1. Calculate what fraction, in whole %, of the accessible area of segment 165-233 sits on carbon and sulfur atoms when a 1.4 Å probe is rolled over the protein chains.
2. Measure off 7 Å from each Cα along the Cα-to-Cβ vector at H94 and Y46, then give the distance between these two points in nanometres to one decimal.
3. Compute log10 of I(q)/I(0) for segment 56-103 with the Debye formula, placing one identical point scatterer on every Cα and leaving out solvent, at q = 0.25 Å⁻¹, to two decimals.
4. Please list, ordered by chain and number, the residues whose modelled amide H lies under 5 Å from the amide H of S230; skip anything fewer than 5 residues away on the same chain.
5. For segment 104-161, what number results from the quotient of the Cα radius of gyration and 2.2 N^0.38 Å?
6. Could you check which residue among R377, R241, R223 shows the biggest mean-square fluctuation in a GNM of the chain with a 10 Å Cα cutoff?
7. Quick one: 3J(HN,Hα) in Hz for segment 264-272, Karplus 6.51/-1.76/1.60 with θ = phi - 60°, rounded, Gly and Pro as x.
8. May I ask you to give the percent of accessible area on segment 1-94 that is carbon plus sulfur, with a probe radius of 1.4 Å?
Amino acid sequence: MSLVLSLAVGLILLKCAAQLWLEWLNNSSVRAHAAEVPDALKEVVYRGTYLRSVEYTLAKSRLHRFELMYETAILLLVLLSGWLPWVYHVFSKHWGDSAWSMAAFLFVIGLALSLPGLPLDWYAQFRLEERFGFNTTTQKVWWLDRVKGLALTIVLGYSLLVLILKLVEWAGSSWWFWAWAVLLVFQLLMAVLAPVLILPLFNKFTPLPEGSLRERLLKLAERTRFHAQSIQLMDGSKRSRHSNAFFTGFGRFRKIVLFDTLVHDLPEPELEAVLAHEIGHFKKRHIPKMLLFSAVGSLAGFYLLSVLAKQDWFYHSFGFEPGNIVTAMLLFALLSGVVTFWFSPLLHLWSRRYEYQADAFAARVLNGPAALIAALRKLNEKNLSNLTPHSVYSGFYYSHPTLLEREKALNHASAE
Ligand SMILES: [Zn+2]
């Protein structure tokens, strides 16, 4: 095995080991508090809900640990078996190395690699989520979702791949910059078009009916100068009892979307608090800031890829002949996760800071944190969220602070 290949295998194993260790650490922390509700949470959560959340957390972790080892084994098998160079050989021999054929090569590999995950996804939905009463998806909806997803990837993903490979031909050594620009434009376009063209393929959206809730939310939007075209109700209950709220679109096309499950679970003042939190994200410009950051990140990624694609050793190490950038792209896509994983604590730290800011905003416009705290408690209860994660685990994975952390911050701010 060459040095580079050994290094890649080492990094893959290191990431897997780190993730398994994080699971172990977190499960120990959950188990240590499993028998009784911790004092700090006694007023926050019912005993029954708490015990069930412990069970749910441990069950999810069991599946996740299996998933980690399974995916790592597949990735190693794919890299070490010589399968990738073989598929590449078949494609280039039969269909040449045009952008169309090479995009198809990447596409087929991507598809083949997504297949082993299917049974696990199915199990998560119809066994695990089912057991805890979350699943409302039927077999038909689940399979239709997969088919629609595949059709969309063929139409959008394949065309984008062809375009990027054509750019490599046209732009020469500066291709990485143009490919990045095309991807950026594509992402912005999708942010505008997805709510209109794609989301309706999966869910039904209906305007929130006239009434006190609609009036209350519109008044909140007006008070906070948040201009939205409409408030829509989404049939999230078609798939799951988990609930959410978000807004889509830009500028004049902005829409507020509430899951029907959310409207069902929360009383009006708490729904108002959830929306105030979402408006907080908007007012603090969290979304453009995140977009800018991810654009800078992907620019760096494309540049690094363009450098690697010029190195013969990069190809040789994984059994390819140098020369076709497509194989460098494939290897880069398969391996970038072993590096980016280590940055996730930083990203999540940043994301949790934004959550605190949005919470503070909501408490300010609603003259106090009571409604938001009530809403957060109810959402935690409904989702059986883990209330006692290990701090290293939540540091790595949590995009939102825990319930207790959020309450503490809200109460602290309102006491000042
Ligand atoms: Zn948020």
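1. About 65 percent, which is the carbon plus sulfur part of the accessible surface.
2. 5.9
3. -0.85
4. Long-range HN contacts for S230: I256.
5. Working: Rg = 13.8 Å, N = 58, 2.2 N^0.38 = 10.3 Å.
In units of the 2.2 N^0.38 Å rule of thumb, it is 1.34.
6. R223
7. 6, 7, 10, x, 3, x, 6, 4, 4
8. Percent of accessible area from carbon and sulfur atoms in segment 1-94: 66.
The values are calculated or read from the model by the stated rules, or taken from the named source; none is laboratory data. From a predicted model like this one, the values you see are computed outputs, not experimental measurements. Positions of Cβ are backbone-derived with ideal geometry, glycine not excepted, and every protein chain shown enters the neighbour counts. In case anyone asks, the SASA skips ligands and DNA or RNA and just uses the protein heavy atoms, side chains included. Shrake-Rupley method; radii C 1.70, N 1.55, O 1.52, S 1.80 Å.
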